[in-house]
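Here is the structure we will look at.
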Amino acid sequence: MSNYDIGIIGMGVMGKNLAFNIANNGYTVAVFNRSHNQAVDQLFQNPVKRLFPYLSINKFINSLCSPRCILLMIQAGDPVDEMINVLLPYLNKGDVIIDGGNSFYKDTMRRFNFLTEKSIHFIGMGISGGEDGALHGPAIMPGGSIEAYDIIKSILKKIAAKYHQEPCVKYIGPNGSGHYVKMVHNGIEYSDMQLISESYMLLKYVSGMNNIEISNVFKSWNQGELRSYLIEITGNILCKKDSDGQFIIDFILDSASSKGTGAWTAQSSLELHSPTSMITESVFSRYLSECKANRMIASTLLLGPRVSKISDSLREEFIEDIRKALFLGKIISYAQGFSLMKKASENYSWNLNFANIAKIFRSGCIIRADFLNYIVSEYSANNNLLDLLFTESLKDIINAYQSSLRNIIVIAINQGISVPVFFSALSYYDAYRTINSSSNLIQAQRDYFGSHTYQRTDKSGVFHTNWL
Ligand code: 6PG
C-alpha cells in the first residue's frame, strides 16, 4: 500500500503535463491510462521522481491516500460517465473525483448530483493554458464540492499560473459553475481570435502590408493596452517561416474547426436570453470558414467591390483605427461574456464572484491580457455591476474609440471585406444605446398576425388591437 497524494487518469498531452507539473511541485502522483499509452510505458522504462505509473485500476486507486483524489484528464462526453462507473465500485464515501476536461456544464451538474447522492465529492474543473500551461502553470476554474476544493486546494494553488505571486485558481461555485466559466472563457477566446483575424484581413488587403510588416504591427500593439497572449502569438505566427524560407501562414488553409465550447456558449446565451452576439458570430465565422467548397463557387458568381489599397498618407491613421476598434471590440465582447455569466449565476444560483474570475484569467490561460485588470478592479468594487460598458474606467475609452470602429467598418464595407465580429460589436453597441428601438413594430406585427398582445408606453397592462 502506498500513500500518494493524487491520481491522474488519462495520459494524453494535458494529463501528462499536469502530472509532471504536480510532481515537480513536490507531490506524489499515481497515473493510469485505460488503454495502452506511450507516456505510461515511458514512465515504466525511465522512472520519474514522484510519478508512479499503474496498469491496474485497482492498484492505482489503492495507491492513493485517503480521501482518494482522482483527476480525470480524458475526453469530454461519454468517456467521463464510463470512467466514473468504472471507479465507483472502488471508491469510499468522501473520496474525490475531479473532471479536468472541457466538459459540458450540464453534464457536470448531472454528475455532481449523481455522485453527491453516493457521498462522493465531485469537482468540474476548467483548465486553460494548453500544453505549456498544463506543464508550467495553467489557469484553473474548479466548481462543485467546496469540501473537496478544501482538500485539493493546496495542490491547485501550487501548480496554477501566478499573477504577481497570486495563484490563478479560486473556487468558482457549486456544481457545473467551474466548467461554465471555462466555457465562457473559450467563447471569449473565439471572439478575441476572430477580431484579431479580421484585423489581419484589413491590414493585409487594405493596408497592403506584408507578413513581416503586419507581424511588427501586432508586436507593437503588444506593447500597449492590447497586450495579451493572443496578440503576442499572432505577431510570432505571422513572421514564422518554414525550412524553405516561406511564411507558414500563407500556406495554412482558411478553414478553422472547433470542438464545441464556443457553440455551447452561444447556446447558453440563447437559452438565458443574453445577447452574446460577438461570440455567437465568431462561432458562425468558423462554420462559414469550413464551407470552403461553396465559398470557392461563390467567389466566381457573387459580385462585390474590388479591394484597393489605402493611400500611403492614410495608412497610419487606418492602422491606429484598427487598433482602437480591436480594443473596443474586445471590451464589448468581454462585457457580453461577463453579462452572460451574471445571467447564468442568477439562473443557477451560483453566486459567482466576477473579480475572482477575472483574476484567474490574468495569467496562464489563453485569454490572458492586461485589459483584465480593468475588469478585476470594477468587479472588486461592485460584484453586481450593471454592465462593464457603463463603468468609469472603460466609459471614456469606449466613447473615444467608437468612431474608429465605425471608420474601419465603413472601409471594410466599401472594399467588400468581411469583418462580421467587428460588425456585430458595432450593431450591439448602437442597438444598446438606442432608447427607442424598432421593436414597437415587432410587437405590433406579432399582435396583428397572432393576437400576441402588446404593451404600451403610456398605459400599463397588455393590449390587443383588431388590426383589420
Ligand atoms: C484553453 C483552450 C483549450 C482548447 C480549446 C480549443 O483554454 O486552453 O481554450 O481549451 O485549445 O478548447 O477550442 P476549439 O478547438 O473549439 O477552438
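Charge dipole (Cα centre; +1 on Lys/Arg Cβ, -1 on Asp/Glu Cβ; no other charges) of region 6-175 amounts to roughly 380 debye. Considering only 383, 398, 215, the residue lying farthest towards the positive end of the dipole of the chain is 383, judged by Cα position with unit charges set on Cβ. Comparing 103, 116, 133 along the charge dipole axis of the chain, the residue lying farthest to the positive side is 116, per the Cβ-charge model. Kindly identify region 186-230 as rounded, prolate or oblate by the Cα gyration tensor criterion: order the square roots of the eigenvalues as a ≥ b ≥ c, call it rounded if a/c is under 1.5, otherwise compare a/b with b/c, prolate if a/b is larger, else oblate. Here region 186-230 falls in the oblate category. Do the alpha carbons of any pairs in 153/359; 118/359; 162/241; 343/395 sit beyond 26 Å of each other, and which pairs? Pairs exceeding 26 Å: 118/359; 162/241.
Most tightly packed first, judged by the mean number of other beta-carbon atoms within 10 Å of their residues, the peptides 128-136, 83-91 read 128-136, 83-91. Evaluated at q = 0.12, 0.15, 0.17, 0.24 Å⁻¹, the base-10 log of the normalised Debye intensity for region 33-121, with identical point scatterers placed on the Cα atoms, takes the values -0.40, -0.62, -0.78, -1.32. Using alpha carbon centroids, what distance separates region 129-183 and region 192-226, in Å? If we compute the Cα centre of each part, the gap is 32 Å. Quick check: the angle from helix 229-238's long axis to the longest principal axis of the chain, C-alpha only, nearest 10 degrees? For 229-238 against the chain, the angle is about 80 degrees. Distance from the C-alpha centroid of region 327-350 to that of region 247-264: 25 Å, rounded to the whole angstrom.
Of the beta bridges in the chain, as assigned by DSSP with both residues counted there, near 35 percent are antiparallel. Approximating the spin labels as points 7 Å out from Cα along Cα→Cβ, the residue 216-to-residue 78 distance works out to 5.4 nm.
Could you state the angle between the C-alpha long axis of helix 78-87 and the longest principal axis of the C-alpha atoms of the chain, as a value from 0 to 90 degrees rounded to the nearest 10? It is inclined by approximately 20 degrees. Going through region 372-468, which trypsin sites (Lys or Arg not before Pro) have at most 16 other Cβ atoms within 10 Å and a DSSP loop state? Qualifying residues, ordered by number: 433, 456, 459. With 0.36 nm allotted per residue and the present C-alpha distance subtracted, the residue 240-residue 300 stretch has 18.4 nm of extension available.
Residues in region 162-167 carry Karplus couplings, in order, of 10, 10, 6, 6, 8, x Hz; the curve used is 6.51 cos²θ - 1.76 cosθ + 1.60 with θ = phi - 60°, and Gly or Pro positions show x.
Taken over the C-alpha atoms, the chain has Rg and Dmax values of 24.9, 84 angstrom. The simple Förster model, with R0 at 25 Å and r as the Cβ-Cβ distance, assigns residue 34 and residue 2 a FRET efficiency of 0.75. Each Cα pair under 8 Å and six or more residues apart adds its separation to the average, and for region 6-175 the resulting relative contact order is 20 percent. Ranking 35, 465, 268 by how far each Cα lies toward the positive end of the dipole of the chain (charges on Cβ) leaves 35 at the top. Taking all Cα pairs closer than 8 Å and separated by 6 or more residues, the relative contact order of the chain comes to 13 percent.
With q set to 0.08, 0.13 Å⁻¹, the log10 of I(q)/I(0) for region 6-175, from the Debye formula over equal scatterers at the Cα positions, is -0.20, -0.56. Nearest 10 degrees, 0 to 90: what angle lies between the long axis of helix 372-381 and the longest principal axis of the chain (Cα atoms)? Helix 372-381 and the main axis of the chain meet at about 80 degrees. Shape summary of region 182-419, radius of gyration then Dmax from alpha carbon positions: 18.5, 56 Å. What you get for the chain, charging only the Cβ of Lys and Arg (+1) and of Asp and Glu (-1), is a dipole of about 580 debye around the Cα centre.
Loop-located trypsin sites (Lys or Arg not before Pro) across region 46-133 with a Cβ neighbour count of 14 or fewer within 10 Å are 49, 93, 118, with loop assigned by DSSP. Our note on the geometry: Cα centres of region 389-420 and region 30-93, 50 Å apart.
Bear in mind these aren't lab numbers, they're just calculated from the coordinates by the rules spelled out. Since the model is a prediction, treat every value here as computed from it, not as a measurement. Ideal geometry is used to build each Cβ from the backbone, glycine not excepted, and the neighbour counts take in all protein chains shown.
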